[in-house]
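The structure appears below as structure tokens.
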Amino acid sequence: MKHQWWKESVVYQIYPRSFKDSNQDGIGDLRGIIQQIDYLVWLGVNAVWLNPIYDSPNDDMGYDIRDYETIMTEFGTMEDFDELLDKLHQNGIRLIMDLVVNHTSDEHPWFVESRKSKENPYRDFYIWREGKDGKEPNNWASFFTPSAWDYDEETQEWYLHLFSKKQPDLNWNNKQMRESVYQMMNRWFDKGVDGFRMDVINLIAKHPDLPDGESDNNNRYVFSDRYFAMQPKLHDYLREMRKACFDGRDCMCVGETPFVNTNNANSLLESSSQLDMIFQFELMDIDSKSSKWDVAEFSVPKFKQLMSSWQKAVPWNSLFWSNHDQPRAVSRFGDVSTEESRVLSAKMLAIAMHLLKGTSFLYQGEEIGMTNCAFSSFDQLRDIESINFYRNAENGGYLDFAWNGILKKGRDNARTVMQWDDTKNAGFSKTEPWIMVNPNYTQINVASQQSNPNSILDFYRNLIQLKLSNETLIYGEFDLIDGPDSVFSYTRTYQDEQYLIVCNMKNEAVRFDFSQEFIQDAFLLSNYTFHYKNLLQPYEAFVVRLGKNHD
Ligand code: ISL
Ligand code: CA
């Protein structure tokens, strides 16, 4: 296995709007991140991924970019950015930027030009079509609105937007557009950034005919990923991008790729001529039925099957429990019914995921076990996805279902501010933040955990140190170990060294035959100090060294 820095990385994901406010306007900013670099160093992470920090009208919190090369005013200036990059590098931390090139903002100069006339040189930078019998060109549904098309009076045509109507999709068939994107990427690389996380990158190529999606009900709009995800042309674009931007640079690219499975994932990774790794969505969909809002119980056997098949299917995985689009991991996959179970289960989840083979991504607040937020009214919501879903539910008469879904799965759960301490506004800002503060900040915060050796935070710190200092835990082969339904257990093996990882993912003690006895100092990390022979306590998790030449 080829050694690369991004395989030996724990990436800390920062949602800048909610991380730290340096100038007391209630919005997190770049200088706030600079202030917290010491914290990142103390935690031991060696890379940071920043959600979009570019100029944006914030219809979708920065994922609608108006200018790729200007910093969002609320977040600071390009000087602040340069200083941040410099200071991160001085501290041995790499910087990964968010790359959003499936769409721009409708306020991006390219789209402003594009919508002016059919003859405009930028017209073809986006996807414009005539209507069909006065209706949309096809029946595609968007992620955020019923239809994926919007009508423009000026030229009497429709433009495609897979997300909000303020996020028109770029036309990747247009060579000039592609080259403009590559030039922009290269200017960021020349500044010294270390890589990109590429937003919905496997959706950039659309089926050339834009066919209607097939529907098994009578819905007017149909989610047609079959025609906009993983299209043949995608691979040409990714190879071209690789050549134009990545070749000859020591950088990483991770693609955010919905609708990818273990059968087609390798078509994107193909000996690295396209992407280094991807964020798969099968784990994020594991507790969904007909849609993300239709919540199913988390099944441990399904989880085990899924994770081990990904471990075996691709050469390198990304490892994550959550991000800015997902609810909080401990509320979703762990247990927040008591303080004790929150702490135990958060530590168990940490071990279960981050000792797998792959690059670890921690989402801000995961390291202190931040939870979902008990929103109590519509006006507390900030996320366009939840807001639109709620409004549609109001019209459609399924508000109870919608509210329940929003509480469990809404993206705002992840976007409440980082809980630094127990002072006003969780130490995030002296001014009321842009989104409500999770009221549990008085109990759950960095300051109280930093001084507590039994805290989730301290546990993460030890885990990161253990992982990054250990070749076997980085490069070692993964093998699933058979066991009871509730137990996720695997080995990592490298040359003649082997580790065993055992996680009881349920709140009940369970028998588990380890087939050998471990001496106390074989335990490298655990959420319990005492271990029974062949019995796992509720949420017990540990990693042990199995000695050389063990088989
Ligand atoms: O957030 C989701 C939950 O329903 C996903 O469907 C999400 O829209 C999808 O994963 C794409 O996410 C990315 O692109 C979006 C942006 O809103 C997300 O924040 C981003 O991570 C559009 O740019
Ligand atoms: Ca601010």
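Readers should treat all values here as calculations from the given coordinates under stated rules, not as data from a laboratory. Here the structure is a predicted model, which is why all the values come from computation and not from measurement. Glycine gets a Cβ as well: all are built from the backbone with ideal geometry, and neighbour counts include every protein chain shown.
A few remarks follow.
- Each of 131, 145, 109 was placed along the dipole of the stretch 109-160 (beta-carbon charges, centred on the mean Cα), and the one lying farthest toward the positive end is 145.
- Built amide H within the under 5 Å cut-off of residue 95, gap 5+: 48, 194
- 222 nm mean residue ellipticity, helices alone, for the chain (DSSP H n ≥ 4; -39,500 (n - 2.57); rounded to 500): -8000 deg cm²/dmol
- Centroid-to-centroid separation of the stretch 297-370 and the stretch 447-513 [C-alpha atoms, Å]: 12
- Alpha carbon Rg of the chain, scaled by the compact-globule rule 2.2 N^0.38 Å: 0.97
- Long pairs among 166/408; 20/430; 357/409; 135/206; 304/506, criterion Cα-Cα beyond 22 Å: 166/408; 357/409
- When +1 charges are put on Lys and Arg Cβ atoms and -1 charges on Asp and Glu Cβ atoms, the dipole computed for the stretch 461-539 relative to its Cα centre reaches about 380 debye.
- ³J(HN,Hα) computed for each position of the stretch 380-385 - Karplus, 6.51 cos²θ - 1.76 cosθ + 1.60, integer Hz, glycine/proline x: 7, 6, 10, 8, 4, 5
- Charged-residue dipole, Cβ positions (Lys, Arg, Asp, Glu), the stretch 415-546 about Cα centre, Debye nearest 20: 560
- Binned Cα-Cα distances of the stretch 473-545, short to long, each 10 Å bin given as a whole percent: 20, 56, 24, 1
- Between helix 399-409 and the chain there is an angle of about 60 degrees, using the helix long axis and the longest principal axis of the Cα atoms.
- Proximal aspartates and glutamates relative to residue 2, as straight alpha-carbon distance under 19 Å, when same-chain residues fewer than 8 apart are discounted: 194, 247, 250, 270, 276, 471, 477, 496, 497
- Dipole size of the chain about its Cα centre, with +1 on Lys/Arg Cβ and -1 on Asp/Glu Cβ: approximately 840 debye, rounded to the nearest 20.
- Charge dipole of the stretch 378-487 about the Cα centre (unit charges at C-beta), most positive-ward option of 414, 444, 428: 428
- Reachable lysines, given that their alpha-carbon falls under 21 Å from the alpha-carbon of residue 191 and they are not under 8 places away in the same chain: 87, 243
- For the chain, the residue among 223, 274, 398 whose Cα projects farthest onto the positive side of the dipole built from Cβ charges is 274.
- Along the stretch 109-121 the Karplus relation, 6.51 cos²θ - 1.76 cosθ + 1.60 evaluated at θ = phi - 60°, assigns HN-Hα couplings of x, 4, 6, 4, 5, 4, 7, 5, 7, 5, 8, 4, x Hz to successive residues, with x for each Gly and Pro.
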